[in-house]
Amino acid sequence: MLVQRSVLVSQSPSLPRQIALDLGHTPKPTLDNFIATGNENLIAVLKDIQGKWQQAPSEKNALSTDSKMIHLWGASGSGRTHLLSALQLQASELGIRAYLLNHDSSMDEWRACADMLVEHNQAPGLLCVDDIDHLSEFAQGALFRLHNLIREASHQHLITTSLAPSSNLHIREDLKTRLVWGLVFQMHALSDSEKLQALQQAATERGLQISSEVAPWLLKHFHRDMPSLMSLLEALDNYSLETKRAITLPLLKEMLAQKN
């Protein structure tokens, strides 16, 4: 049930000397707080994976090769990292062994992941590899071997991401082949109108009423990725409560000036 929040508007507000604003804080990534517009089929597949983690593994419900491996590609800001982080966090909360690797991961981390897959090849597991188009030669070789390990496992998932489709990536040819063993999804970034809609929806869910010029101004002058925008909306909500003022463009500018 939506609860409308009323804000007492002060005619001559007396601002606190210091208001704690954490604009770097973003909500924990989940599949539910990902705006799925244009990516509905992908989210359905990922939620199905989460559902399988609730089941006791058996040979009867062993995964097929194409459902073990998923490759996502899309422009920066399309939410690839959000989805990988969401799955890794959910898996860990359920006691599923999970790794999240990228081009900054050390050789020891890649080796530890391979050891885990070999030692627990019949248990549920998750490996997420972000931005594979930036992997080193060593990491590409490690990922090639991990594909082979997961293909032989029964209940493990491998999810990879890149900026472009595999055919356009400057990586090992044999690794390109592995990327299309499973499902491939192009991720679609939100348009400006969809971002405005998402911001308004998030404000409504919080019981907030924001003036019509706030969201368009944010898209023009602030970070345009959704986690940053949602983080700012949360900070704006708190600032409005602290100052007992309605959420307007002057209030937003004042808050950012204080933070800066």
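The values are calculated or read from the model by the stated rules, or taken from the named source; none is laboratory data. Only a predicted model underlies this, so the values are computations on that prediction, with no experimental measurement involved. Here the Cβ is made from the backbone with ideal geometry for all residues, glycine too, and neighbour counts use every protein chain on show.
For every residue, the table says whether it meets (1) surrounded by 15 or more Cβ atoms within 10 Å (Cβ to Cβ); (2) assigned to a helix (DSSP H, G or I); (3) outside the structural domain of residue 83 (by TED's automatic domain parsing).
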{"residue": "199", "(1), (2), (3)": "yes, yes, yes"}
{"residue": "203", "(1), (2), (3)": "yes, yes, yes"}
{"residue": "212", "(1), (2), (3)": "no, no, yes"}
{"residue": "216", "(1), (2), (3)": "no, yes, yes"}
{"residue": "224", "(1), (2), (3)": "yes, no, yes"}
{"residue": "227", "(1), (2), (3)": "yes, yes, yes"}
{"residue": "237", "(1), (2), (3)": "yes, yes, yes"}
{"residue": "252", "(1), (2), (3)": "yes, yes, yes"}
{"residue": "255", "(1), (2), (3)": "yes, yes, yes"}
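State the number of residues belonging to the stretch 108-147 that are in a loop (DSSP other than H, G, I, E, B), small (Gly, Ala, Ser) and modelled with pLDDT under 95.
Residues of the stretch 108-147 in a loop (DSSP other than H, G, I, E, B): 120-124, 130-131, 135-136.
Filter once more, so that each one left must be small (Gly, Ala, Ser): 123, 136.
From what's left, modelled with pLDDT under 95: 123.
The total comes to 1.
Could you check how many residues of the stretch 61-107 are of a type in the set (Ser, Thr, Tyr), assigned to a helix (DSSP H, G or I) and under 15 Å from the mean Cα position of the chain (by Cα)?
Restricting attention to the stretch 61-107, the residues satisfying the condition of being of a type in the set (Ser, Thr, Tyr) are 64-65, 67, 76, 78, 81, 85, 92, 99, 105-106.
Now restrict to residues that are assigned to a helix (DSSP H, G or I): 65, 67, 81, 85, 92.
Narrowing the set further to residues that are under 15 Å from the mean Cα position of the chain (by Cα) leaves 81, 85.
The total comes to 2.
Quick one: in the stretch 13-49, which of the residues that are part of a helix (DSSP H, G or I) and buried (at least 16 other Cβ atoms within 10 Å of the Cβ) is modelled with the lowest pLDDT?
Among those residues, the one meeting the criterion is 49.
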